[in-house]
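First up is the structure itself, then whatever we jot down about it.
Bear in mind these aren't lab numbers, they're just calculated from the coordinates by the rules spelled out. Since the structure is predicted, the reported quantities are computational estimates derived from the model, not experimental observations. All Cβ positions, glycine included, derive from the backbone under ideal geometry; neighbour counts span all protein chains shown.
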Amino acid sequence: MTETKTPMLSIRNLHATVDGKEVLRGIDLDVGRGEVHAIMGPNGSGKSTLSYVLAGREGYEVTAGEILFEGRNLLEMDPEERAAAGIFLGFQYPVELPGVNNMTFLREAINAVRRARGEAEMDAVTFMKKVKAAAKQVGLKDTLLKRNVNVGFSGGEKKRNEILQMAMLEPKLAILDETDSGLDIDALRVIAEGVNALRSPERSFILITHYQRLLEYIVPDRVHVLAQGRILRSGDKALALELEEKGYGWLLGEEAVA
Amino acid sequence: MTQAHQAQREWLQALLQGAPAAAGPEWLARMHAAARERLEQLPPIDRKQEAWRYTGIDTLLAERFVPPPHREADLAPEERAPLEGLETWRLVFVDGRFQPHLSALEGLPEGVIVGDLRSRETHRDNLLATSVAQASGHHAHLFTALNEALADEGAFIQVPAGTRLERPIEIVHRVTDASAPWLITPRNLVLLGERAEATLIERFSGRPGTRYFHDGLTDLVLGRAARLVHYRIQDESREAWHLSSLRLDQAAESRYEGCTFAFGARWSRTEQNTVFEARGAECHLAGVYLVGEGQLCDFHLDVRHEVPECRSSERYKGVLFGKGRAVFDGRILVAKDAQRTDAHLSNNNLMLVRDAEVDTKPQLEIYADDVQCSHGTSVGQLDPQQVFYLRSRGLPEVEARRLLCLGFASDLLEAVHDEALRHHVESRIRQTLVLEGG
Ligand SMILES: Nc1ncnc2c1ncn2[C@@H]1O[C@H](COP(=O)(O)OP(=O)(O)O)[C@@H](O)[C@H]1O
Ligand SMILES: [Mg+2]
């Protein structure tokens, strides 16, 4: 295998438990550089669990398997090391931080990542310019930049704020966990534009979604169906349409038979 | 007499005998004599007393304190430097003694007096003598009486009616000499005339390794519609004991707004009392305290509404980041006649370690029926979800926890009007919070 063909992210036989319950039961997934992968699947199938395991959340215990990110063993890294390495998780339920100013938070995050990479901190002027531009792009009101992180934000504003953070942090791999849920079509379009603007041959995405809808705006390279802790099927964007039509039942049936 | 009481008496006698009679005005001698008499009559401090239930004084009694000599002292350049961006009129005390050459008092407006208790100017008109006499005696206990038995220095501030000070007045206490355990007893008096407005900043600190007992007593007298904003930064040496006893006397429509930031000292206690006896007055007390390994930090507050239409609040927040103890005893009493009172009382604590201790006792006693009152208290931990969210954005765990602690106290920090001071306090919080992972 040549260097260029090594996937950015490589998950092998991943098993993980939460509260003693096995939620991920043998996941295999390769995400190449510059690729967009969609993961779909019924509620409770383990999609968020997979995203948390990738981001390194405590309490999500990996019992078997491995994850390599750019050749590094991800499971040995702290969440902040993963962020510095270029992993970003857009939360399904963004967390409110009372008393923590959104702008301060962004600035601390950017500079923490830069410090970890041995880079100089971003100066105040550049930072302000970037924030304003990013906020405009994701359609987040300036006033929300001055508020506390996610406190009193509507569902849509929280999701926009996640995309804003992604735009500021410029990750190599962004995992967006149901960023499209609960959004109206306009918000969805804005978010999709935000993602598309960041698409590059160097940047990969994992989009976790319930709806085919998002994939009309962000065309994925691969689509995977995750159910009962396993990837039951992978395909191209046509699979998403098939799921939209037929639901997940037929796949679960196959699993039951198999 | 129990053994503990005997020990207290002996401790006191040793201190009083060791103290040379101060040369000074006659009123000062009278204050000393009256206080010595009071010391004879006051009951000893006892854990059985509600006010001392959680705050032991054994470490204090085990120390043989001595009053510091009157002498000119110097400060290192970095100790002498004012807070960045903060222009003030400044009174500087080193090792408990006033240092005119380090103070900055030029350009005070006409009629404003900022000086030391002993300086001739301050007891012109015998004003000081009568004020001290009036203020003495309430809420007395062993340590406040000890202050008055020995005090021969302190800050004296008087702002005449209608004068609004453009710059804050700052009282800086710095201890540099580690050669003996000093007993520092400043007796401060702040008088604001009708409609006078001022900001007062008190800063207390000591070099590492200095051991002393700062036993301060302050009277704040606000004339009709006067306004005082009062910040206090207790950043004492970690081997020091610090007591500040503050008494407010508020005329109608006066407004007092005070915030204490407590970082240092092995043992510290802040007492603050006010009684509303004239309508339309306001008293807002706030504080942020950080408690680490081996520290005890105590707040005792007492606000009494005796007349209608006054407003008060007590809002205190603490972060316990080491095996230490915080004590909060905050009372607001609304008497039967104090209708249309507005009173709010809260104490919130963030426990970052398991073996820290908080004794919180908010007391809102209401005997009137037409009032707006609320109270709340909490003892909680950092939310692991919030910590993870920050870490997933690249903040190291310690930074994440620090940011959340600052967030916890942010409402009180934002209430600091002066930006330079706010920055100073925030950076001291960052430095002080030594957070281990997990
Ligand atoms: N923190 C948790 N504690 C207990 N059970 C959990 C926790 N997180 C997830 N689970 C369980 O793991 C399974 C997968 O959940 P999740 O990953 O959130 O699914 P999805 O995102 O696909 O809807 C569910 O059965 C859920 O109940
Ligand atoms: Mg989910």
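Shielding value for B:405-413 is 3, the average number of Cβ atoms from other chains within 10 Å of each residue's Cβ. The alpha carbon centroids of the stretch B:30-92 and the stretch B:287-360 are separated by 22 Å. A cut-off under 13 angstrom between Cβ atoms defines the neighbours of B:GLU419, and their net charge, with Lys, Arg +1 and Asp, Glu -1, is -4. Beta-bridge orientation, chain A: approximately 60 percent antiparallel, per DSSP, counting only bridges with both partners inside. Computed extension gain for A:LEU241 through A:ILE185, at 0.36 nm per residue and net of the alpha carbon distance, reaches 18.3 nm.
As a proxy for reagent exposure, B:ASP359, A:ASP30, A:ASP180, A:ASP186 were ordered by neighbouring Cβ count within 10 angstrom, fewest first; the result is A:ASP186, B:ASP359, A:ASP30, A:ASP180. Stokes-Einstein diffusion for the stretch B:345-438 at 20 °C, viscosity 1.002 mPa s, with a Kirkwood radius from C-alpha pairs, works out to 137 µm²/s. Mean-square fluctuations from a GNM of chain B, with a 10 angstrom spring cutoff on Cα atoms, peak among B:THR59, B:THR260, B:THR360 at B:THR59. Cα centroid separation, the stretch A:116-151 to the stretch B:254-268: 35 Å.
Computed across the stretch A:140-214, the Kirkwood hydrodynamic radius from all distinct Cα-Cα pairs reaches 12.9 Å.
Helix content alone sets the calculated 222 nm mean residue ellipticity of chain B: runs of n ≥ 4 DSSP H residues at -39500 (n - 2.57) each, divided across all residues, give -6500 deg cm²/dmol. Of the GluC sites (Glu not before Pro) in the stretch B:193-298, which ones lie in a loop per DSSP and count no more than 10 other C-beta atoms within 10 Å? The qualifying sites: there are none. Working note: 222 nm ellipticity from helices only, DSSP H runs with n ≥ 4, each -39,500 (n - 2.57), summed and divided by the residues of chain A, gives -12000 deg cm²/dmol to the nearest 500. Under 10 Å, Cα contacts only: if you run a Gaussian network model on chain B, which one of B:GLY216, B:GLY18, B:GLY96 comes out with the highest mean-square fluctuation? Comparing B:GLY216, B:GLY18, B:GLY96 in the GNM, the peak value goes to B:GLY18. A Förster distance of 35 Å, applied to the separation of the beta-carbon atoms of A:ARG25 and A:GLU76, puts the FRET efficiency at 0.95. For the stretch B:185-284, a Kirkwood hydrodynamic radius built from all Cα pairs, placed in the Stokes-Einstein relation at 20 °C and 1.002 mPa s, yields a translational diffusion coefficient of 153 µm²/s.
The C-alpha atoms of the stretch A:1-118 occupy a region whose extents along the principal axes are 40, 38, 25 Å, arranged from largest to smallest. Shown here is the pair-distance distribution of the stretch A:95-198: with all Cα-Cα distances grouped in 10 Å bins from zero up to the longest one, the shares run 15, 48, 33, 4, 0 percent. Each Lys and Arg adds +1 at its Cβ and each Asp and Glu adds -1 at its Cβ; summed about the Cα centre, the protein assembly as shown shows a dipole of about 480 debye. Of B:GLN385, B:GLN234, B:GLN250, the residue with the greatest mean-square motion in the GNM of chain B, using alpha carbon springs below 10 Å, is B:GLN385.
Scoring B:159-167, A:125-133 by mean Cβ neighbours within 10 Å over their residues and listing the highest first yields B:159-167, A:125-133.
Scattering from the protein assembly as shown was approximated by placing one identical point on each alpha carbon and applying the Debye formula without solvent; log10 I(q)/I(0) at 0.07, 0.09, 0.11 1/Å stands at -0.60, -0.84, -1.07. Local charge for B:SER392 was computed over the other residues whose Cβ lies under 12 Å away, with Lys and Arg +1 and Asp and Glu -1, and equals -3. Here the stretch A:9-257 is treated as an ellipsoid with the same Cα gyration tensor; its semi-axes, largest first and in whole Å, are 30, 21, 16. Each principal axis of the Cα atoms in the stretch B:70-112 has its own extent, and those three values, largest first, are 30, 26, 13 angstrom.
Applying a threshold of 29 Å to the alpha-carbon distances of A:LYS47/A:LYS130; A:LYS159/A:LYS237; A:LYS130/A:LYS159; A:LYS21/B:LYS323 flags A:LYS47/A:LYS130; A:LYS21/B:LYS323 as lying beyond it. Among A:SER154, A:LEU243, A:ILE231, flag the residue with its Cα farthest along the positive direction of the charge dipole of the stretch A:135-249, charges on Cβ as +1 for Lys/Arg and -1 for Asp/Glu. The residue sitting most towards the positive pole is A:SER154. Each pair of Cα atoms in chain B enters the Kirkwood radius, and Stokes-Einstein at 20 °C and 1.002 mPa s then converts it into a translational diffusion coefficient of 96 µm²/s.
Loop sites by DSSP among the GluC sites (Glu not before Pro) of chain A, restricted to those with at most 14 other Cβ atoms within 10 angstrom, leave A:122-201 as the longest stretch without any of them.
Mean per-residue shielding of peptide A:88-94 is 2, counting Cβ atoms of other chains within 10 Å of each Cβ. For B:LYS317, the lysines whose Cα falls under 27 Å of its own Cα, not counting residues fewer than eight places away in the same chain, are A:LYS146, B:LYS48, B:LYS361. Calculated from the alpha-carbon coordinates, the stretch B:383-438 shows an Rg and a Dmax of 12.2, 35 Å respectively.
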